[in-house]
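The values are calculated or read from the model by the stated rules, or taken from the named source; none is laboratory data. Everything numeric in this text was worked out from a predicted model, so none of it was measured. Here the Cβ is made from the backbone with ideal geometry for all residues, glycine too, and neighbour counts use every protein chain on show.
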Amino acid sequence: MKKLFSNYSVTALSLVAVTLIVLSGAACIATTEPNTNSTTANANSNATVMSTPMSTPSHDGSMPGMSHMMSSSPNAASAPYDLQFIDTMTAHHQSAIDMSRPAEGKAQHAELKAFAAKIAADQQKEIAQMKAWREGWYAGRPEAMNMEMPGMMDSMKGMDMNGLNTASGNEFDLMFLDMMTPHHVGATAMAREALTRAEHTEIKTLARQIIAAQEKEIAQMNKWKAAWGNQS
């Protein structure tokens, strides 16, 4: 009986050992087998990041223009012209507002601070008007921002928001003028096309206002650049 019990004990222990080995192997497989849900989540995360336009420093360390960080909406060129104008000019105006905001704390000249504040206020008002037209005329339509509209791409090339945000004093003022002047030129080019292509008279009226206001501001900025260019 004693021998039988001993043999039973050995058998039981062997079964326990085999069970532990099997369980251990399963655990190893579970830890090395890829997590499908995690992989999917990571893929989705990467897709989101990659879909966001990225900017890469150029060889001199400066950031490229905003045109590298903006792209046309899908099928934008096939949308009604007035919708393209509204969405593209809205994006254009918003970039001018983004440039103008740092001037309050960074500009050296008081007149430039006031000038930048006026640009931000005027263009914010025009954005609100364009959004109201969009809601009334094209409610529910996909975005139609078109970088190929006249002046849009060229006006964004010189925008270096990193440089503008790190500059101060007269350096900021000159950089602001160098960026805002071609930006205004681009807006007037887009507005001139609208005078011949827009369907709504409201768009044409806005285009005339943009041309008149921004050509005057371009002339003022050129005077300041000439006067402040030799300041230390």
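Do we find that Met190 is within 26 Å of Asn162 (Cβ to Cβ) and touching a residue at least 24 places away in the same chain (Cβ under 8 Å) in this structure?
So Met190 passes the test.
Just a yes or no: is a residue in the stretch 141-158 part of a loop (DSSP other than H, G, I, E, B), over 18 Å from the mean Cα position of the chain (by Cα) and loosely packed, with under 15 Cβ neighbours inside 10 Å?
yes
Just one of the numbered conditions (1) more than 16 Å from Met221 (Cβ to Cβ); (2) touching a Phe, Trp or Tyr at 6+ places or on another chain (Cβ under 8 Å); (3) exposed (fewer than 15 other Cβ atoms within 10 Å of the Cβ) is not true of Glu111; which one?
Here Glu111 clears every test but (1).
With the requirement that a residue be buried (at least 16 other Cβ atoms within 10 Å of the Cβ), modelled with pLDDT of 50 or more and either touching a helix residue (DSSP H, G or I) at 6+ places or on another chain (Cβ under 8 Å) or more than 30 Å from Gly163 (Cα to Cα) (or both), what does the stretch 54-86 give you?
Those that are buried (at least 16 other Cβ atoms within 10 Å of the Cβ), modelled with pLDDT of 50 or more and either touching a helix residue (DSSP H, G or I) at 6+ places or on another chain (Cβ under 8 Å) or more than 30 Å from Gly163 (Cα to Cα) (or both): Met66, Met70, Ser73, Ala76, Ala79, Tyr81, Asp82, Leu83, Gln84, Phe85, Ile86.
Touching a residue at least 12 places away in the same chain (Cβ under 8 Å) and among the β-branched types (Val, Ile, Thr) - does that describe any residue in the stretch 124-146?
Looking for residues that are touching a residue at least 12 places away in the same chain (Cβ under 8 Å) and among the β-branched types (Val, Ile, Thr), one finds at least one in the stretch 124-146, hence yes.
Checking the conditions here, which among Ser78, Ser168, Ser95 is within 18 Å of Thr188 (Cα to Cα) and either among the hydroxyl-bearing types (Ser, Thr, Tyr) or more than 20 Å from the chain's Cα centre (by Cα) (or both)?
Ser95
If you go through the stretch 203-225 one residue at a time, do you hit one that is β-branched (Val, Ile, Thr), touching a residue at least 60 places away in the same chain (Cβ under 8 Å), closer than 20 Å to Ile127 by Cβ and surrounded by 16 or more Cβ atoms within 10 Å (Cβ to Cβ)?
Looking through the stretch 203-225, at least one residue is β-branched (Val, Ile, Thr), touching a residue at least 60 places away in the same chain (Cβ under 8 Å), closer than 20 Å to Ile127 by Cβ and surrounded by 16 or more Cβ atoms within 10 Å (Cβ to Cβ).
Considering only the stretch 159-201, how many residues are of a type outside the set (Gly, Ala, Ser), at pLDDT 95 or above and outside any helix (DSSP H, G or I)?
Matching residues across the stretch 159-201 total 2.
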